1. Restricting the first residue to segment 64-89 and requiring it to be farther than 21 Å from residue 100 by Cβ and among the hydroxyl-bearing types (Ser, Thr, Tyr), which pairs with a second residue that is in a loop (DSSP other than H, G, I, E, B) and at pLDDT 90 or above meet a Cβ separation below 8 Å and a spacing of at least six or different chains?
2. Please specify each residue of segment 88-141 satisfying the condition of being at pLDDT 90 or above and among the aliphatic types (A, V, I, L, M).
3. Identify, by number, the condition in (1) more than 19 Å from residue 22 (Cα to Cα); (2) modelled with pLDDT under 95 that residue 76 doesn't meet.
4. Could you please let me know if residue 22 is surrounded by fewer than 19 Cβ atoms within 10 Å (Cβ to Cβ), assigned to a helix (DSSP H, G or I) and basic (Lys, Arg)?
5. In segment 84-124, how many residues are over 23 Å from residue 50 (Cβ atoms), outside any helix (DSSP H, G or I) and in contact with a helix residue (DSSP H, G or I) (Cβ under 8 Å, 6 or more places away or on another chain)?
6. Do we find that residue 44 is at pLDDT below 95 and either under 19 Å from residue 2 (Cα atoms) or out of contact with any helix residue (DSSP H, G or I) (no Cβ under 6 Å at 6 or more places or on another chain) (or both) in this structure?
7. With (1) loosely packed, with under 12 Cβ neighbours inside 10 Å; (2) touching a helix residue (DSSP H, G or I) at 6+ places or on another chain (Cβ under 8 Å); (3) aliphatic (A, V, I, L, M) as the list, and residue 36 as the residue in question, which single condition is left unmet?
8. So the check is Cβ under 7 Å with 6+ separation or different chains; which pairs have a first residue in segment 102-123 that's over 22 Å from residue 72 (Cα atoms) and a second one that's among the aliphatic types (A, V, I, L, M) and surrounded by fewer than 20 Cβ atoms within 10 Å (Cβ to Cβ)?
Amino acid sequence: MRRTVVTHSEEETLALGESLGRTAAAGTVFALFGGLGAGKTILAKGIARGLDVPDEITSPTFTLLEIYRGRTDLYHFDLYRIERDDEFDELGFEDYWYGGGVSVIEWADRAGGRLPQRIIKIESDYAGPEARSITIEYPGD
C-alpha cells in the first residue's frame, strides 16, 4: 500500500508520526528520506510519541544512534554524516534493524542498499512554507 498525505503544520506532521508509532511493532523499520528541513525529525518525534517514549527526541546527528525506552524500544538513527560504505560497515547498525525494537532511520539513502527488504519507506518533501507532502510506502508495494 502506498499513500500520500499533505500536512500543513509541524503539529500535523507530528500527529502523522504518532499514528505510525501507535501501530508499529517490534521489528518495524521506518526508512525516512528527504532533504534538510523536510520533516524527518518531526516524524521521528511523532513515532516516538506513538511508542509512549517519554523522552524528548532530538536529531542524533553527532551520535548517529540514540536508544529510547517506551512501549517498544526505539532505535533512532541519523545517517547524515555517513560518507562512505566502509564507514557504515564498521557500525553494526543492521543488528538493531533486525532486533526487538522499532527503528527510525533518517537519511536512509545513506545506508547504501543495506536496508532490510521489509521497510516502511517514508519520503517527505516541501509542499509550502509549513506544508509537507509525505508519501508512505509499505512492504510489498
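1. Within 8 Å, the pairs are 80/107.
2. Of everything in segment 88-141, those that are at pLDDT 90 or above and among the aliphatic types (A, V, I, L, M) turn out to be 102, 104, 105, 108, 119, 120, 122, 127, 131, 134, 136.
3. Tallying (1) more than 19 Å from residue 22 (Cα to Cα); (2) modelled with pLDDT under 95, residue 76 fails exactly one: (1).
4. Yes; evaluated as a whole, the condition is true for this residue.
5. Residues in segment 84-124 being over 23 Å from residue 50 (Cβ atoms), outside any helix (DSSP H, G or I) and in contact with a helix residue (DSSP H, G or I) (Cβ under 8 Å, 6 or more places away or on another chain): 2 in total.
6. So residue 44 does not fit the description; no.
7. Unmet condition: (2).
8. 110/82
The values are calculated or read from the model by the stated rules, or taken from the named source; none is laboratory data. This structure is a prediction, so every number in the text was calculated from the model and none was measured. Here Cβ is always computed from backbone atoms with ideal geometry, including for glycine, and neighbour counts include all displayed protein chains.
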